[in-house]
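What follows is calculated from the coordinates using simple rules that are stated; it is not laboratory data. Note that the coordinates shown come from a computational prediction; the quantities given were computed from them, not determined experimentally.
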Amino acid sequence: MHMQNIIYTKKARKSIKSLDIRVQDRVRAGIEKIPFGDIKKLQGYSNLYRLRIGDDRVIYQMENDTIII
């Protein structure tokens, strides 16, 4: 499997940093495993998806081989 580029927006970094340290680790691990996990395409958008990690949701966008969180 080839590695994908992951870009964190400023808002995403700030949101993740505000989480409990154990939740941060779980969220980062979930993001690293994209495209696997509880993922759904967001309705009304061509390339926006949400990844569910426990009670948390990560919204991301796919552009070629790049994931933008």
**Asked** Taking only Cα atoms, what is the 0 to 90° angle, nearest 10, from helix 21-32's long axis to the longest principal axis of the chain?
**Response** 20 degrees
**Request:** Using DSSP, restrict attention to beta bridges with both residues in the chain and report what percent are antiparallel, rounded to the nearest 5.
**Result:** 80 percent
**Fill in**
Scoring the chain by relative contact order with C-alpha pairs under 8 Å, at least six apart, yields a percentage of 34 percent
**Prompt:** Can you pull the Kirkwood radius for the chain, inverse mean 1/r over Cα pairs, to one decimal in Å?
**Reply:** 12.4 Å
